[in-house]
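The block underneath contains the structure these notes are about, expressed in structure tokens.
The values are calculated or read from the model by the stated rules, or taken from the named source; none is laboratory data. Just so we're clear, the structure is a prediction, and the values are computed from it rather than from any experiment. All Cβ positions, even for glycine, are placed from backbone atoms using ideal geometry, and neighbour counts span all protein chains on display. Calculation scope for accessible area: heavy atoms of the full protein, side chains included, ligands and nucleic acids excluded. Shrake-Rupley method; radii C 1.70, N 1.55, O 1.52, S 1.80 Å.
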Amino acid sequence: MSDSAAIVDRAHADHKAHPTWKQYKWVALWLTVITAVEVWVYYTPFRESPLFAPTLLAMSAAKFAIVVMFYMHLKYDHWVFRRLFVGSLVAAMGILMALLFLFSKLKIG
Amino acid sequence: MATAAIAESSAAPHGEHTHYTTTGLENRKIAMWTLIGSECMIFASLISTYLVYKGRSKVGPWPHDWGCKTSAIVGKTAAAVQAAGCAAADVMKPVLDIPITSQSTFVLLMSSLAMVLALEGVENHGKPGYDRWYKGSRFWLAMTALMGAAFLGYQAYEFTSFVHEGLTIRTNLFGSSFFTLTGFHGTHVAVGVLWLVSLLAIDMKRGLKGATDVLLVDIAALYWHFVDVVWIAIFTLIYLIQ
Amino acid sequence: MASSAAPAPAFAAAPAATGQSGLWSWLTTVDHKRIGMLYLWTSLAFLFVGGTEAFILRLQLAHPNGQVVSAEVYNQLFTMHGTTMIFLVVMPLSAAFFNFLIPLQIGARDVAFPRLNAFSYWVYLFGGIFITLPVFFNVAPDAGWFGYAPLTTNQFSPGIHIDFWVLGLQILGVSSLAAAVNFITTIIHMRAPGMSMARMPMFTWMSFVVQFMLVLAFPAITIALFFLQFDRFFGTQFYELAAGADPLLWQHLFWIFGHPEVYILVLPTFGLVSEITPTFSEKPLFGYNVMVFSGILIGFLGFGVWAHHMFAVGMGATADTIFGIGTMLIGIPTGIKIFNWIATMWGGNLRFTVAMKFAIAFVALFLIGGVSGVMHASPPTDLQQTDTYFIVAHFHYVLFGGSVMGIMGGIYHYFPKMTGRFLSEKLGNWHFWMFFIGMNLTFFPMHFSGMLGMPRRVYTYDAGQGWDTFNLISTIGVVFQGIGLFVFAYNFLKSWKGEKNAPGDPWSAGTLEWSIPSPPPEYNFAQLPIVTSRYPLWDIKHPERTAELRHSDPDTAVVAEAHGVPMLEQTETRTAKALGIPMPFPTIKPLFAALFMVMLFASLIFLHTASLQVAVVSMIGTTLLFIGAVYSWLTSPLE
Ligand SMILES: [Cu+2]
């Protein structure tokens, strides 16, 4: 980053866009709805379907992303924070997948 | 010229003006995000272990299946276990209690909402409309801490009832990895509650306001939301998916 | 204040430094330079402990059927030799340089969290003492530095030997993690105006990569140790094979940490060598961008190759292939670095100081270790070599020939900056040649004894297997190393008290740390310098050396107005107070927080030596003390 960019950054760091009250409540609502659906699905016959686990994982990932983006305001914050978190998360997921594969909990192909 | 620069910096009214930073960000926030990155790896290791050991326990109780105290019989229903030759008195039910955990999950999710509202309260301290008790940081900090404590209460209840059903940290691999993982998370919640209560105490004493205090609460909030996010993963991976 | 036109007096009387002296000032210091010095002294002290352990090991192995120590003691010695050298010597030696150099190289007045920095050091010191003391009471850890479970569970390792290891490593992990968070923050955002990422000195760059590796690799071993701790103290079953546990769980978690650890040990040295070679070749580092990129690549790939330590357990063809190929890939960025150091020296105006000799030796010796590393990256080859002395030869070329030689070069290079005094070059030459000859005598024959089938970790062996001569040579080599170490110690202690005659820039180097007096004043930079290229000091003293580098800074004026002054050689030595620079207060609180935390971990030992009640009371007590110390630390103002 050039110095001029750094200076501009400094000026803007404190005045980034920011989620609002209203958004926060929408987020809470979405989190509740997704959680409700997750639990509901658990009690339906869909539970036996091979798609059950992927569906739940997708919903969980959505909740995860929503909290991180809005409540932890990563979506609005400085790119440094985004990189720190996303980088670590990718490493963590990579290690998790590798271990599941190595212990034959995941199969390739 | 150099001397002038020094004189100027020492004459600056606020200490912070004399510290130049590259990005204009806050040290503590960078540190918090780095720490959260590290915690990602901590929980990834714990969750991996739980998943790797899933289904490898030699004896019950099991998380999702019915079992038998006297033999290795496992089944989807109590009837199946009995049909396989387990005496009715020896049947063990699955220990995970989805309804109860759904409630505690909901409580923790809502505590995150309370947390952002508390931060909102500090940011807008003294502004019109924010002087009402239900919009101020004290109320919402207290609510967050309370919900955190409630989550811990649920967890205490869950742990005790598991022990009553014969599952301790020493019983089987499931017990070891389950209690360690959720206990580790619970400890994080407990630290968070302690942190929030400390902030609340400061707020009661002198009122949280201004940029420095926003940062103080912001960092606690990051930690709190992260603990919430970890639970989102745990709830799905450990409780719901079999 | 001197204008930049007036030449600095070559031997500017160093500041009556700070007026800080005495034990109390060291216990309460939060100055990154003094903490760096504490790290240096402590880790050199541990180097003697670890070296003595190695010496006894080699005495035992000098002849077949050696009788110097028993098998039990031998196990403790090799375990503690590895643990000490890795966690108490090489890592903290690097930390000494992180502390001392990073703020100076990026033009900062201190690290981001000075008190946390002190905390890291005290945790390291107390943790180091905690894990080392048992050696003197015959209860030292005895299951290898990798502590494979289930070998380390209560069933196979009864007693308290392993307890010290498990808890000690947890403690040291806290120290590393706290330090890593601190340095990441420091590097991300305490750089002087104009010090962009693309202008950071290579040592800072490599340290930056290392901090991320620490942050991401330590959690894996923390959790593995946590499980072991629970197994040993609370009866969980993580490593209990009878309960269905997997013996590979520990190995995977350990090596997920263990392989990145190798780079954690060697990347800082890469950085030091990348500072030394340009200085004594009098030209900029060759291929800076490529050097940065290959450093990052090494860090990145370093996380995906851990299972090459486990080829012998039979993971299957797919896993073996992936990890084998991944490991060989790391050879590429590492090789690039070797070529770049050579190219840096190529055509340069070489000055063979002791530091430069160590740096050149580093390149050569590390190359040997790297090549043998690529050999056992291939699973079939590895099956022949694993658990033999060939591996011992390999990693000693990497860690001694690499890390230690490079760090020694760093010490000779930076001693004048740290103390204002030179280390004797004459004694340094003796030190260098003793180390160089000694280490090759010791470790090169191990390639042969290993290939002839001599297994690692055996406390003795029978004659007539073709190993006798090689082992004797190895032991003779250790004598050379020992002499070198004592020459170094003498040199170090003598010079520490010697004449203060080192100028700010004794080697005619190009980076920021050399633009200020030696030793630097407490605030480092009286005014933050505006950096306009990778070698700002050469820009003003030897512009011909940096003529081909990119210089750009359209905003100098803007930056200058707000934050800094154009680059100059600083001669300012007045105190921070006189200059009105706010400095953090010295405080004893981090020391107490560290002490109580270490005591909290140590309390667990009471579960095995005293009673449950004693342990619980002790743990609750120390927890409360720890929380109290942290509260009082956090609520007291920084400056
Ligand atoms: Cu490795």
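A few points about this structure:
- The number of residues in segment C:460-513 being in a helix (DSSP H, G or I) and either closer than 30 Å to C:SER196 by Cβ or among the hydrophobic types (A, V, I, L, M, F, W, C) (or both) comes to 18.
- Selected residue (criterion: nearest to the other protein chains (Cβ to nearest Cβ)) from residues of segment A:29-58 that are part of a loop (DSSP other than H, G, I, E, B) and surrounded by fewer than 12 Cβ atoms within 10 Å (Cβ to Cβ): A:TYR43
- Only residues that are modelled with pLDDT under 80 and not small (Gly, Ala, Ser) were counted in segment A:91-109, giving 4.
- Within this structure, C:PHE592 passes the test of being closer than 23 Å to C:ARG115 by Cα, out of contact with any strand residue (DSSP E or B) (no Cβ under 8 Å at 6 or more places or on another chain), assigned by TED's automatic domain parsing to the domain that holds C:LEU625 and open to solvent by 20 Å² or more (accessible area, probe 1.4 Å).
- None of C:ALA578, C:ALA594 is away from chain B (no Cβ under 14 Å) and under 30 Å from C:GLY420 (Cβ atoms) except C:ALA594.
- Residue in segment C:236-254 that is within 16 Å of the ligand (Cβ to nearest atom), within 7 Å of chain B (Cβ to nearest Cβ) and either small (Gly, Ala, Ser) or open to solvent by 20 Å² or more (accessible area, probe 1.4 Å) (or both) present: no
- If the condition is being closer than 17 Å to B:ILE241 by Cα, of a type in the set (A, V, I, L, M, F, W, C) and open to solvent by 20 Å² or more (accessible area, probe 1.4 Å), then segment B:97-106 contributes only B:ILE100.
- Flag if C:LEU225 is closer than 21 Å to A:LEU99 by Cα and within 16 Å of the ligand (Cβ to nearest atom): no
- Selection count where residues are more than 10 Å from chain A (Cβ to nearest Cβ), part of a helix (DSSP H, G or I) and open to solvent by 40 Å² or more (accessible area, probe 1.4 Å), scope segment B:15-65: 4
- Cross-chain or 6+ apart pairs with Cβ under 7 Å, segment A:60-74 first and assigned by TED's automatic domain parsing to the domain that holds A:THR35, then open to solvent by less than 10 Å² (accessible area, probe 1.4 Å) and of a type in the set (D, E, K, R): A:VAL67/B:ASP228
- Lone unmet requirement of (1) within 16 Å of the ligand (Cβ to nearest atom); (2) within 14 Å of chain B (Cβ to nearest Cβ); (3) in contact with a helix residue (DSSP H, G or I) (Cβ under 6 Å, 6 or more places away or on another chain); (4) open to solvent by less than 10 Å² (accessible area, probe 1.4 Å) for C:GLY258: (3)
- Filtered residues of segment B:107-151 (kept if assigned to a helix (DSSP H, G or I), open to solvent by 50 Å² or more (accessible area, probe 1.4 Å) and away from chain A (no Cβ under 11 Å)): B:TRP133, B:TYR134, B:ARG138, B:PHE139, B:MET143, B:LEU146
- With respect to the conditions (1) open to solvent by 10 Å² or more (accessible area, probe 1.4 Å); (2) at pLDDT 95 or above, C:GLY370 lacks only one, and its number is (2).
- Test for C:LEU493: is it free of Cβ contacts under 8 Å to residues at least 60 places away in the same chain and either buried (at least 24 other Cβ atoms within 10 Å of the Cβ) or within 28 Å of the chain's Cα centre (by Cα) (or both): yes
- Verdict on C:ILE276 being open to solvent by less than 20 Å² (accessible area, probe 1.4 Å), more than 16 Å from the ligand (Cβ to nearest atom), more than 15 Å from C:ARG545 (Cα to Cα) and part of a helix (DSSP H, G or I): yes
Per-residue answers, yes or no, for (1) touching a residue at least 12 places away in the same chain (Cβ under 8 Å); (2) more than 10 Å from chain A (Cβ to nearest Cβ); (3) open to solvent by 10 Å² or more (accessible area, probe 1.4 Å):
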site: B:HIS164; (1), (2), (3): no, yes, yes
site: B:PHE178; (1), (2), (3): yes, yes, no
site: B:HIS185; (1), (2), (3): yes, yes, no
site: B:VAL189; (1), (2), (3): yes, yes, no
site: B:LEU208; (1), (2), (3): yes, yes, no
site: B:TRP224; (1), (2), (3): yes, no, no
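- Of the residues making up segment C:286-324, those that are away from the ligand (no atom under 16 Å from the Cβ), open to solvent by less than 60 Å² (accessible area, probe 1.4 Å) and touching a residue at least 40 places away in the same chain (Cβ under 8 Å) are C:GLY287, C:TYR288, C:MET291, C:VAL292, C:SER294, C:GLY295.
- Number of the exception - B:GLY85 against (1) crowded, with 17+ Cβ neighbours inside 10 Å; (2) away from chain C (no Cβ under 14 Å): (1)
- Segment C:325-349 - residue that is in contact with a Ser or Thr (Cβ under 6 Å, 6 or more places away or on another chain) and not in a loop (DSSP other than H, G, I, E, B) and, of those, nearest to the ligand (Cβ to nearest atom): C:PRO333
- C:SER378 vs. criteria among the polar types (S, T, N, Q), within 20 Å of C:LYS337 (Cα to Cα) and touching a residue at least 40 places away in the same chain (Cβ under 8 Å): no
- If you go through segment B:94-143 and keep only what is over 20 Å from B:PHE178 (Cβ atoms), in contact with a Phe, Trp or Tyr (Cβ under 6 Å, 6 or more places away or on another chain) and of a type outside the set (A, V, I, L, M, F, W, C), you end up with B:SER112, B:GLY121, B:ASN124.
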